[in-house]
Amino acid sequence: MSFILPELGYKFDALEPYIDAKTMEIHYTIHHQAYVDKLNEALTNHHDLIKNPVENLIRDLNNIPGAVRKQVQNFGGGHYNHSIWWKMLKVNDGEKPTGKLLKTIDKSFGSFDDFKQAFGGSATKLFGSGWVWLVKSNNGLEIVATQNQDNPLSMGQMPILGIDIWEHAYYLKYQNRRADYIEAFWKVVNWGKVSENLVNYI
């Protein structure tokens, strides 16, 4: 038994013009596949670990044997982050969150526009490569930035929405214009999936 690349669920050009088809193809077939392959390689002699869902490994990172903990953190994190992120994406035609999700965002941040500003600001200021997440924690909804392929699960927080700030996620189309990529990101948030995540975590 080993980890496998999950189905993307849509064509590479499905997020055009905001995320281009070539970036999606490279991101999914090369970068995500590499995380899967390297995770399987790292756990070749750890059959007890490789039988677990990757989210369990990330959630219990402190209990992973020290010899492979960093590999699980990096490669398992990369696999898990991308596996949940693909599902958070679809062209939304200007759709915004509604219902319980909107009410929870308003309660936590004041308004949806204030949330967008805070989330985008965190993504803009993140140094180097990493992710910015909207998470469900004991204090409600919070914005959390993680370096590299770290995930809030390791900190006891549940990721509801995320944005990949590694350059491979946007460089072909946006070059060094990270702010433009972040602005375009709002056009491809699958708010239905984000709402589903919120309900599942509350």
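In table form, for the structure just shown:
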{"item": "Helices (runs of 4 or more DSSP H) fully within the range 12-91 counting 3 or more residues that are small (Gly, Ala, Ser) and not assigned by TED's automatic domain parsing to the domain that holds Lys193", "result": "77-87"}
{"item": "First in the range 133-156 and touching a residue at least 12 places away in the same chain (Cβ under 8 Å) and among the polar types (S, T, N, Q), second anywhere and in a strand (DSSP E or B) and crowded, with 20+ Cβ neighbours inside 10 Å, Cβ under 7 Å, 6 or more apart", "result": "Thr146/Trp131; Thr146/Trp133; Asn151/Pro159"}
{"item": "Tally of residues being of a type in the set (Gly, Ala, Ser), surrounded by 14 or more Cβ atoms within 10 Å (Cβ to Cβ) and out of contact with any Gly (no Cβ under 7 Å at 6 or more places or on another chain) across the range 97-120", "result": "2"}
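The values are calculated or read from the model by the stated rules, or taken from the named source; none is laboratory data. Predicted model only: the values in this text are computed from it and were never measured. Note: ideal-geometry Cβ built from the backbone for every residue, glycine included; neighbour counts use all protein chains shown.
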